[in-house]
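The structure under discussion appears below in the form of structure tokens.
The values are calculated or read from the model by the stated rules, or taken from the named source; none is laboratory data. No experiment lies behind these values; they were computed from the predicted model shown. In this analysis, Cβ positions are derived from the backbone assuming ideal geometry, glycine residues included, and neighbour counts consider all displayed protein chains. The area values use the complete protein model at the heavy-atom level, side chains included, leaving out ligands, DNA and RNA. Shrake-Rupley method; radii C 1.70, N 1.55, O 1.52, S 1.80 Å.
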Number of protein chains: 2
Amino acid sequence: MSQILDGKALRDEILDDLKNQISKLDQKPELVIIQVGDLAESNTYIEQKIKFGEKIGAIVTHKKLPLDIAESELIREIQLANDDENVNGIIIQLPIPQSLNKEKIIDSISPQKDVDGQTAISIKSLVVGSPTFIPATTKGVITLLDANKIDPSGKHVVVVGRSTLVGKPTALALLNRDATVTIAHKKTQNLQAITKSADIIVVATGKPKLITKDYVSENQIIIDIGITVVDGKLVGDVDFENVKDLVAAISPVPGGAGPMTVASLFQNLLEAYQKQS
Amino acid sequence: MSQILDGKALRDEILDDLKNQISKLDQKPELVIIQVGDLAESNTYIEQKIKFGEKIGAIVTHKKLPLDIAESELIREIQLANDDENVNGIIIQLPIPQSLNKEKIIDSISPQKDVDGQTAISIKSLVVGSPTFIPATTKGVITLLDANKIDPSGKHVVVVGRSTLVGKPTALALLNRDATVTIAHKKTQNLQAITKSADIIVVATGKPKLITKDYVSENQIIIDIGITVVDGKLVGDVDFENVKDLVAAISPVPGGAGPMTVASLFQNLLEAYQKQS
């Protein structure tokens with residue numbers, strides 16, 4: 001039997017810890033979530049954040065802005081939150097319409113309130129190796145490894161997927177933890193040989209069941225960040241049923257990396273609160 | 001016989017091209033180099049840049065500041081150059097004293113004049129995949145590959161060394177060019193097996209002759225960015241004499257990646273000039 005890396009149980013531990021810490025504060029930490037439009041998927045993610053925030057005693061303010069908002073107006077909304085002393089963290093729920101300059105908008109978040117680590121200052125700090133706020137999904141992966149006493153130092157980690165939101169920051173964070181990191185993607189030739197050679201595989205492609213039993217080998221640790229809805233069910237990037245007994249440890253979908261993302265975001269929020277106090 | 005990737009010849013081609021383009025401009029592009037202290041190695045690098053600038057008809061202004069300069073004063077110098085319409089590019093010659101906040105200082109360079117791609121905005125643009133200015137050494141590597149019709153797309157590139165100035169940006173730039181990229185470093189276990197599995201090896205560790213014949217295999221392409229002075233001679237990170245006949249192509253030291261760095265910096269300067277006009 002391989003070890004199941006249980007993100008739900010760990011999320012619940014973090015929840016209790018955050019709730020306990022926040023209960024002792026004079027003021028509640030506040031997260032502002034800015035959404036442009038009304039995408040169903042975004043609504044679901046935001047709902048999860050609001051629920052988690054309620055449970056730990058944080059304030060989550062959801063600003064839902066019209067799909068046709070002008071860039072300048074959106075930036076003004078961000079600046080209002082930057083200037084608001086009661087606000088400790090700000091995230092822009094992605095995606096936003098393509099007509100808006102995504103990088104410019106994200107970079108108008110104050111680096112001190114950038115709890116999802118998406119501004120230029122945060123990304124540079126990750127590249128340089130002394131991160132301020134690590135992007136929530138990446139932080140969740142690191143925390144899941146740490147909690148299960150899996151030390152990536154010196155190990156060969158293959159990250160499959162090179163998104164700016166997940167793949168690249170996760171690769172950089174694992175590099176900072178002294179892993180030897182390979183970034184593979186859809187143009188990679190001979191992906192199978194590369195994933196088989198890894199000590200740890202992190203998959204974030206959004207391609208359901210891409211990693212079958214032919215892509216893994218014994219003693220590996222697999223973190224599955226992919227979440228896709230297939231026939232009304234959440235499916236990961238790993239063919240979990242056929243892989244799980246072949247490897248040393250694996251995170252399931254749902255219940256693995258997913259729950260860790262929200263918990264990590266609120267850990268960053270509390271950290272921001274403490275730094276700002 | 002393996003192919004020698006000749007950075008000197010290519011540098012001379014770029015020099016002629018830049019000289020020709022600049023001769024047609026109304027005003028000469030200007031680079032400001034800010035140095036803190038008087039490190040011999042820095043002096044040599046700056047001298048190379050001044051010479052190259054003279055040859056192509058660019059203005060290179062060297063501001064040598066005292067070792068004990070206050071951070072605020074150094075930042076004021078940078079802002080003067082930011083505000084000077086005649087200045088098109090600014091670089092801080094590294095290293096600077098540890099007492100100064102390096103990231104804060106670099107980030108005070110206007111992103112429009114950041115011709116060595118070291119500010120947060122430039123680094124984020126490289127991570128996101130739509131770079132503004134690619135760091136000069138990295139740009140030199142890419143140009144050397146391109147000029148020799150070596151397409152990294154889909155290839156497995158192993159970058160040995162993870163410095164912020166060279167290793168990491170080179171890995172990111174090659175990832176943007178669709179390579180499968182592995183970043184190895186001093187904590188990497190089994191480096192030999194990893195470099196042997198590569199299609200392209202890029203070495204930037206500053207460890208003379210780290211890569212011996214036991215680290216390479218046939219058909220590989222090797223780019224050596226290492227430069228160390230050993231017994232008065234420039235030595236690369238690759239044991240060139242014993243490796244060169246085993247692989248498909250290799251860049252020598254000196255005369256490989258080194259000359260490309262200065263040429264690339266001035267390509268970025270001309271690009272900055274054109275964007276600013």
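Couple of notes before you dig in:
- One quarter of the convex hull surface built on the alpha carbon atoms of segment B:136-257 amounts to 6.9 nm², the projected area averaged over directions.
- The GluC sites (Glu not before Pro) of segment A:64-102 meeting both criteria, a DSSP state outside H, G, I, E and B (loop) and at most 11 other C-beta atoms within 10 angstrom of the site's C-beta, are A:E85.
- Its relative contact order, with pairs defined as Cα atoms under 8 Å and 6+ residues apart, puts segment A:136-257 at 22 percent.
- Cα→Cβ-extended label distance, 7 Å offset, between B:S163 and B:L65, nm: 2.2
- Charge dipole (the protein assembly as shown, unit charges on Cβ, about Cα centre) - positive-most of A:A204, A:Q48, B:P29: A:A204
- Within chain B, helices built from complete DSSP H runs that reach 27 Å or longer along their own axis (Cα positions) and carry a mean Kyte-Doolittle hydropathy of -1.0 or higher are B:257-276.
- Listed residues B:F240, A:F266 arranged by accessible area, highest first, probe 1.4 Å: B:F240, A:F266
- Pairs of Cα atoms nearer than 8 Å and 6+ residues apart set the relative contact order; for segment B:156-202 it is 55 percent.
- Between chain B and chain A, roughly 2800 Å² of accessible surface gets buried, counting both sides and using a 1.4 Å probe.
- Summing +1 for each Lys or Arg and -1 for each Asp or Glu among the other residues whose beta-carbon sits under 13 angstrom from that of A:V87 gives -3.
- Net +/- balance of residues flanking B:T188 in space, Cβ distance below 10 Å, scoring K and R +1, D and E -1: +3
- Overall form of segment A:1-94 per C-alpha gyration tensor (a/c, 1.5; a/b vs b/c): oblate
- Within the full protein context, the accessible area of A:T132 is estimated at about 60 Å² for a probe radius of 1.4 Å.
- Relative to the Cα centre, the charge distribution of segment A:4-70, modelled as +1 at Lys and Arg Cβ and -1 at Asp and Glu Cβ, gives a dipole magnitude of about 140 debye.
- Based on alpha-carbon atoms, the Kirkwood radius and the radius of gyration of segment B:197-277 give Rg/Rh equal to 1.11.
- Heavy-atom accessible surface of segment A:136-257, averaged per residue, reaches 38 Å², computed with a 1.4 Å probe.
- Remark: for residue pairs B:K207/B:K233; B:K8/B:K186; A:K102/B:K155; B:K139/B:K168; A:K139/A:K168; B:K19/B:K275, the C-alpha separation exceeds 21 Å in B:K8/B:K186; A:K102/B:K155.
- Here the label points at A:D38 and A:E85, each 7 Å from Cα along the C-beta direction, are separated by 3.7 nm in the simple model.
- DSSP assigns beta bridges within chain A; of those with both partners inside it, close to 10 percent run antiparallel.
- The phi-based Karplus calculation (6.51 cos²θ - 1.76 cosθ + 1.60; θ = phi - 60°) puts the 3J(HN,Hα) values of segment B:30-35 at 10, 10, 9, 10, 9, 10 Hz, whole numbers, x for Gly and Pro.
- Residues whose amide H falls under 5 Å from that of B:I222, counting only those 5 or more places apart or on a different chain, are B:I201, B:A249, B:I250, B:S251, with hydrogens built in the peptide plane.
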